[in-house]
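Take a look at the structure set out below.
Coordinate-derived values only; no laboratory data. Bear in mind that the values here come from a model prediction, so they are computed numbers and not experimental data.
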Amino acid sequence: MPEMCPRCGLPKEICVCEILDREATKRIKVYKAKAKFSKFVTIIEGLAGEELDKTTKELKSRLACGGTHKNGLIELQGDHIGAAKKELVSLGFPEGSIDAAS
């Protein structure tokens, strides 16, 4: 009988507790910065990989704005701090891990 993990109940060989702990400590920062011609952009940092691309597409669609992702950052045209935080929560990111600065 394989040894079982007390937290997740899976065998120790396929236990996912460490992965979940790393995911839970990930912090997402949402803030705005001034771009050219006194316009604002909303910056979201703390996402990576395929998650970055998928989240960028969803946010652009839901917030009806332009934007891009590069160097591990999502840049959305306009000041969307509050709305971006709401949308990130609705996309499944934990609200406690999102820092929104105005």
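Summary of values
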{"read-out": "Three-way shape label, the chain, alpha-carbon gyration tensor, a/c 1.5", "value": "prolate"}
{"read-out": "For Gly67, residues with placed amide H under 5 Å, excluding near neighbours", "value": "Gln77"}
{"read-out": "Nearest 10 degrees, 0 to 90: helix 81-90 Cα axis against the chain principal axis", "value": "30"}
{"read-out": "Within straight-line cross-link reach of Lys39, lysines at Cα separation under 26 Å, skipping those fewer than 8 residues along the same chain", "value": "Lys29, Lys54, Lys57, Lys60, Lys70, Lys85, Lys86"}
{"read-out": "Residues whose placed amide H lies under 5 Å from that of Cys5, excluding near-sequence neighbours", "value": "Leu10, Lys12"}
{"read-out": "Residue-averaged 222 nm ellipticity for the chain, from DSSP H runs of 4+ at -39500 (n - 2.57), nearest 500", "value": "-10000 deg cm²/dmol"}
